[in-house]
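Below is one structure; the comments refer to it alone.
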Amino acid sequence: MAGRRPTSSRCIAVFGPHDLALLRLAANVQQTVVVQAAPTIEETRYLLDLARKEDSIAGVVGWVPLGSPDAPKIIDEFAREPKFKGVRPMLQDLPDDTWIAHAPRAEAIERLVDLAFDALIFARHVPSLIEFAQRYPTLRIVVDHGAKPPIRDGIDAGWQPWADGIAQLAKLSQNLYCKLSGLATESKENWNDETLKPYVAHLLEQFGAHRLM
């Protein structure tokens, strides 16, 4: 998996496919998908260039400024690359929790129908994502990292808003999938299998194995 491309004279660690090779071999993983880590077009171009040279990269999920007038043209450019699979606008970092419901340009989203839209969200984004998904029912949407449940706060503190949001999303559309990953980043340092178990069980119950990645 690729790290961010250096953009200044500062020393930035970049991890490339060669760093992953031995781990892939040990786990019998043939290929991986690289996903954007920075909200820049330049990083997406860097990842696509990496993918052209590396057979172990099956696809790239990049970043596009979906609210920009240039967004359709940029998506058209990226879509000419066989390994370009979709976009992720990093909703979790935007100051407006409702951004997805009103800001992206329709002509840009319509160009993603044959690709995918990654939704990096918390439970607070669920109502706006539902509105967005209902507007584009044929768009394939992937909820990243199980909608990032607040595991570090304990099962009683943040469970219900998250669990209810997951149930709403799962019922919404068969075109809506969930990526079961990243849960450990929302946990305290000493997490274990038992820590994650109720969250994984809820995701499995709501989405089913066929809609979990």
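Throughout, read-outs are computed from the coordinates displayed, never taken from laboratory work. Remember, predicted model here, so these are calculated numbers, not experimental data. Here Cβ is always computed from backbone atoms with ideal geometry, including for glycine, and neighbour counts include all displayed protein chains.
Taking GluC sites (Glu not before Pro) across the stretch 154-211, the ones in a DSSP loop with at most 15 further Cβ atoms lying within 10 angstrom of their Cβ are Glu189.
Size of the dipole of the chain about the Cα centre, Lys and Arg at +1 and Asp and Glu at -1 on the beta carbon, nothing else charged, in debye to 20?
Result for the chain is approximately 380 debye, rounded to the nearest 20.
Let me know the charge dipole size of the stretch 110-205 about its Cα centre in debye, to the nearest 20, where only the beta-carbon of Lys, Arg (+1) and Asp, Glu (-1) is charged.
Magnitude of the dipole: close to 220 debye.
Of the trypsin sites (Lys or Arg not before Pro) found in the stretch 157-213, those that fall in a DSSP loop while having at most 12 other beta-carbon atoms within 10 Å are Lys188.
When shorter helices are ignored and each DSSP H run of at least 4 residues is given -39500 (n - 2.57), the per-residue value for the chain at 222 nm works out to -11000 deg cm²/dmol. Calculated on the Cα set of the chain, radius of gyration then Dmax: 17.5, 48 Å. Net length available on complete extension from Glu131 to Asp114 is 4.1 nm, with 0.36 nm assigned per residue and the Cα-Cα distance removed. Extending 7 Å from the Cα toward the beta-carbon at both Met90 and Gln30 defines two label points whose distance is 3.3 nm.
For the chain, hydrophobic long helices are taken as DSSP H runs at least 18 Å long by C-alpha position along their axis with mean Kyte-Doolittle hydropathy of -1.0 or more; these are 41-53, 159-172, 193-207. For the stretch 114-213, the alpha-carbon radius of gyration amounts to 1.03 times the rule-of-thumb value 2.2 N^0.38 Å expected for a compact globular protein. Each label was represented as a point 7 Å from its Cα along the Cα-to-Cβ direction; for Thr138 and Met213 these points are 2.1 nm apart. With the simple spin-label model, which puts each label point 7 Å out from Cα in the Cβ direction, the Lys171 to Glu205 separation comes to 1.4 nm. Sketch the reach of a paramagnetic label on Ala106 as a point 7 Å from Cα along Cα-to-Cβ, and name the residues of the stretch 55-81 whose backbone nitrogen lies under 16 Å away. It comes to 67-69, 72, nothing else. Set Lys and Arg Cβ to +1 and Asp and Glu Cβ to -1, take the dipole of the chain about its Cα centre, and tell me which of His202, Ile155, Leu176 lies farthest positive. Going by the Cα projections, it comes out as Leu176.
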